[in-house]
Every structure is written in structure tokens, then in C-alpha cells.
Amino acid sequence: MSGVLVIFFVLAALAVFGAVSLILQSHPIHSALSLILVMVSLAGLYLLMGAEFIAAVQIIVYGGAVMVLFVFVIMLLNAGVEERTNFSKLATFGGIPLALALGGIIAAAIARSSGNLPPPAASGAMTSTRELSKLLFSEFVYPFELTSFLILVAILGAIVLAQREN
């Protein structure tokens, strides 16, 4: 087993562990920290694929900025530990068999696949992070700034909603 394969399995296990922990946590801050673990392990998987720019964006945007916003809103709204309830009858009798069926379909599709992927089409595709960043900050600078403005409006909306309750 090669070193890259071992790193892949470790990062994949961390991502799955973080996702399961995200669902099972009862405190919202612990769920947000589990989501950060998922985002960082996904960035490591992107690095294994050779997508350095996507890995950096994954850590900076999702692992950093978005998760800081999540934690900020959770603390602003003073969210406490959630109450646990029993499974509903629909989830017990419908959800679990459907999840098992979906898992079986995915496993069958993986077993049937030959494992040979076609070569990627690289005609005119940008391969360098420098070229991609030049494109992002020249042609797509307005949508980029509009996104940051929308995030700022969302923060201000959360502050206004939190102040109305007090």
C-alpha cells in the first residue's frame, strides 16, 4: 500500500468521522467544530488530487470565514444544547430502509464499474493557480465582491434579529 493511499484513507476516515460527529453532537458549537474537521480533511483530499487552489479556497473560505460566521451566529443567538427526541415513525419505517437501499445501489454501481477512468480533457483548460487568480480578480471581481457584500448583509441581519428578541 503506497503512502498516498494511506493518506487518502486517513483523510477519508477523518471526513466521515467529522460528518457523523456533526450529526450526533447535541451542542451547536461542537457541531460547528466537527464541520471544520470535515472541511479541513476535504482540503487534504483536494491536495492529494493536485488541486492546490481548491484546497486553499476550501480552508480559507469554508474552514475559516463561513465557520467563523456559523460560530458567531450560534453565539449571538445563544443557542444551547438541543433537546433529543425519539425517532418518528416515518424515519424508523421509511428512512432507515431507504438509506440502506441507497447504500446498496451505490455499492452495486461501484462493484460494476471497471475502475478505468477516461483521461481528462485538457483542451484549453487552465492549469495554473496564477492564471486562475488573474481571471478571478480581473473578469470575475464584481461577483466576488458581491458575494462578500451578501455575507456582510447576512451578518447584519443576524445581529438585528438577535437584538429584537432582547
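Here, each number is a calculation from the coordinates, and none is a lab measurement. Predicted model, so just to flag it, every value in this text is computed and none were measured. As a convention, Cβ positions derive from the backbone with ideal geometry for all residues, glycine included, and neighbour counts pool all protein chains shown.
Of note:
- Ranked by the mean number of other Cβ atoms within 10 Å of their residues, highest first, the peptides 7-19, 138-150, 33-45 fall in the order 33-45, 7-19, 138-150.
- Converting phi to 3J(HN,Hα) with the Karplus coefficients 6.51, -1.76 and 1.60 and the offset θ = phi - 60°, the range 57-62 yields 5, 4, 6, 5, 7, 7 Hz in sequence order, with x at every glycine or proline.
- Sorting 104-112, 65-73 by their mean Cβ neighbour count within 10 Å, with the most densely packed peptide first, gives 65-73, 104-112.
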